[in-house]
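What follows is one structure encoded as structure tokens, with my remarks underneath.
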Amino acid sequence: MVELLLIDGKYTRKIELDAKALGKLKKFKTLAVYAAVQFSSGLQSILAQLKKECITVVSSKPARTKEQFQILGCDVYHENMHLQENVDAYLYIGDGRFHPLALVFQQRGQKFKEVFMYDPIANALAILTEKDIDAILKKEKASLKLFLMKRRIGVLLTTKPGQLQFKASLALLKKYPEKEFYFFLDNTLNSKNFENFPFIEVWVNTACPRIGLDDAVYMKQPLINLMDALEAEKKLSGV
């Protein structure tokens with residue numbers, strides 16, 4: 001019997017904001033701070049720097065995370081963030097754009113606050129705004145409209161642990177009894193295979209929600225996420 005042991009790769013060097021980054025953050029009274037898991041347990045110096053500047057730091061424990069300040073790239077829905085406080089801006093600690101873009105996506109329908117991302121390896125501060133996901137949101141809106149109009153819908157299911165949502169996807173049958181739903185199950189979703197099913201007019205993704213956002217822009221056929229499909233009319237009305 002093979003046992004599986006997952007070990008987080010922690011960043012062991014000291015993490016601090018440089019003077020330029022700290023200077024740009026001074027104007028905010030309250031910051032929501034998040035980080036990738038390899039940096040989330042090493043934020044003591046940054047928290048002390050922000051406190052010294054009289055900046056209130058808040059955070060939350062988004063769904064499926066296990067550490068304080070941790071965020072996952074799939075945390076793209078505001079209700080999953082569990083953030084109760086009103087903040088002036090967001091500060092993400094880590095490298096890359098995948099995780100901090102989740103902080104932009106989760107503000108859809110909310111009053112937008114800037115997302116600052118600080119790379120502790122490169123000592124660089126950058127800002128993400130709504131413009132960074134503008135093309136994705138336009139494609140999402142168009143795909144939601146097509147979903148409501150079309151009848152033959154393909155539902156994508158994955159067997160990956162933590163992502164299988166077959167039972168949740170059955171809510172589509174009750175919500176839209178006039179549509180025809182076809183369920184496709186696989187371990188790894190490959191958009192190239194979608195062309196083998198030309199009768200499908202719109203795809204609904206039930207796996208990682210970033211597939212239905214970032215990846216959807218590059219697909220010929222409309223692709224939306226399950227949660228958005230279940231609330232398509234509400235999202236399009238702006239309620």
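The values are calculated or read from the model by the stated rules, or taken from the named source; none is laboratory data. Remember, predicted model here, so these are calculated numbers, not experimental data. In this analysis, Cβ positions are derived from the backbone assuming ideal geometry, glycine residues included, and neighbour counts consider all displayed protein chains.
Which helices (runs of 4 or more DSSP H) sit wholly inside the range 1-85 and have at least 1 residues that are polar (S, T, N, Q) and touching a residue at least 40 places away in the same chain (Cβ under 8 Å)?
So the answer is 37-40.
Need the failing condition index for Phe166 against (1) within 23 Å of Glu140 (Cβ to Cβ); (2) surrounded by 11 or more Cβ atoms within 10 Å (Cβ to Cβ), just the number.
All conditions pass for Phe166, except number (1).
Just to be sure, is Tyr34 aromatic (Phe, Trp, Tyr), closer than 30 Å to Leu230 by Cβ, touching a helix residue (DSSP H, G or I) at 6+ places or on another chain (Cβ under 8 Å) and at pLDDT 95 or above?
Answer is yes for this residue.
Inspect all residues belonging to the range 141-151 and state whether any of them is of a type in the set (S, T, N, Q), in contact with a helix residue (DSSP H, G or I) (Cβ under 8 Å, 6 or more places away or on another chain) and part of a loop (DSSP other than H, G, I, E, B).
Scanning the range 141-151, I find no residue that is of a type in the set (S, T, N, Q), in contact with a helix residue (DSSP H, G or I) (Cβ under 8 Å, 6 or more places away or on another chain) and part of a loop (DSSP other than H, G, I, E, B), so the answer is no.
Could you list, in sequence order, the residues of the range 194-210 that are buried (at least 17 other Cβ atoms within 10 Å of the Cβ) and either closer than 17 Å to Leu172 by Cα or free of Cβ contacts under 8 Å to residues at least 40 places away in the same chain (or both)?
Ile200, Glu201, Val202, Trp203, Val204, Asn205, Thr206, Ala207, Pro209
Name the residues in the range 66-88 that are touching a helix residue (DSSP H, G or I) at 6+ places or on another chain (Cβ under 8 Å) and either modelled with pLDDT of 90 or more or not assigned by TED's automatic domain parsing to the domain that holds Leu25 (or both), would you?
Across the range 66-88, the qualifying residues are Phe69, Gln70, Ile71, Leu72, Gly73, Cys74, Asp75, Val76, Tyr77.
Looking at the range 103-128, which of its residues are closer than 23 Å to Asn86 by Cβ, in a loop (DSSP other than H, G, I, E, B) and either in contact with a helix residue (DSSP H, G or I) (Cβ under 8 Å, 6 or more places away or on another chain) or of a type in the set (Asp, Glu) (or both)?
Gln106, Gln107, Arg108, Gly109, Gln110, Phe112, Glu114, listed by residue number.
Looking at the range 211-226 only, could you name the residues that are at pLDDT below 95 and either over 17 Å from Lys138 (Cβ atoms) or not in a loop (DSSP other than H, G, I, E, B) (or both)?
Across the range 211-226, the qualifying residues are Ile211, Asp215, Ala216, Val217, Tyr218.
Scan the range 157-197 residue by residue and report those that are under 18 Å from Glu231 (Cβ atoms) and not in a helix (DSSP H, G or I).
Across the range 157-197, the qualifying residues are Gln165, Leu170, Tyr176, Pro177, Glu178, Lys179, Phe181.
Does Arg64 count as among the basic types (Lys, Arg) and within 18 Å of Leu103 (Cα to Cα)?
yes
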